[in-house]
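The values are calculated or read from the model by the stated rules, or taken from the named source; none is laboratory data. Small disclaimer: the values here were computed from a predicted structure and weren't measured. For neighbour counting, all protein chains shown are included, and Cβ atoms are generated from backbone atoms with ideal geometry for every residue, glycine included. Just the protein is used for accessible areas: all its heavy atoms, side chains included, with ligands, DNA and RNA removed. Shrake-Rupley method; radii C 1.70, N 1.55, O 1.52, S 1.80 Å.
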Amino acid sequence: VDAAKPFRKTKQREVILEELRRTEDHPTADAVYQRVRKRLPNISLGTVYRNLEILSECGMIRKLDIPGTQKRFDGKTKDHYHVRCSECGRIEDLPGGLIPEIVRHVRDMTDYEVSSHRLELIGLCPECRKQHDPTDGDNSQVGD
Ligand code: ZN
Ligand code: MN
């Protein structure tokens, strides 16, 4: 993106942004395309890709680079963190509050001034857990 060029608002870009902001499931570019296409039947996958790149370079959305899988996109740009299912790839937001605590500890222990962070927790989502062990589906037994 040419930094000298002001960010242009286009109809396509707006729809892509809207679709991303109203979901919490961190879709891939293909999934965004499928949704946007319902509203803009003539849009191409390439246009969706390009606009997702531009929007993330402008900081209006976030791009989640996950090694070994397709990139995912997040309409939420405020600092927050994710937990990812290693089985089905589903990504969900983690509740806030944990990270400020970690940053505080790092500052105390290392004298670093932390300017940004990336954190991803990986595990098995409730659905995949059920499939691994069907008897483990009852949440009341999980509280250890
Ligand atoms: Zn899963
Ligand atoms: Mn998120």
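Screening the candidates Val114, Val103 for the property of being over 24 Å from Arg21 (Cα atoms), among the hydrophobic types (A, V, I, L, M, F, W, C), out of contact with any Leu (no Cβ under 6 Å at 6 or more places or on another chain) and part of a loop (DSSP other than H, G, I, E, B) yields one hit, Val114. Checking each residue in the range 52-78 for being more than 16 Å from ligand 1 (Cβ to nearest atom) and in contact with a Ser or Thr (Cβ under 8 Å, 6 or more places away or on another chain) picks out Gly59, Met60, Ile61, Arg62, Lys63, Lys71, Phe73, Gly75. The number of residues in the range 124-144 that are more than 16 Å from ligand 2 (Cβ to nearest atom) and modelled with pLDDT of 80 or more comes to 8.
Listed by first and then second residue, the pairs linking a residue in the range 89-100 that is in contact (Cβ under 8 Å) with a residue 40 or more places away in the chain and of a type in the set (D, E, K, R) to a residue that is within 11 Å of ligand 2 (Cβ to nearest atom) and open to solvent by 70 Å² or more (accessible area, probe 1.4 Å), with Cβ atoms under 8 Å apart and 6 or more places separating them unless they lie on different chains, are Glu92/Glu24; Asp93/Glu24; Asp93/Lys76. Inside the range 22-32, residues that are at pLDDT 95 or above and open to solvent by 40 Å² or more (accessible area, probe 1.4 Å) make up a count of 1.
Of the residues Ile66, Ile122, Ile91, the single one that is open to solvent by 70 Å² or more (accessible area, probe 1.4 Å) and in contact with a strand residue (DSSP E or B) (Cβ under 9 Å, 6 or more places away or on another chain) is Ile122.
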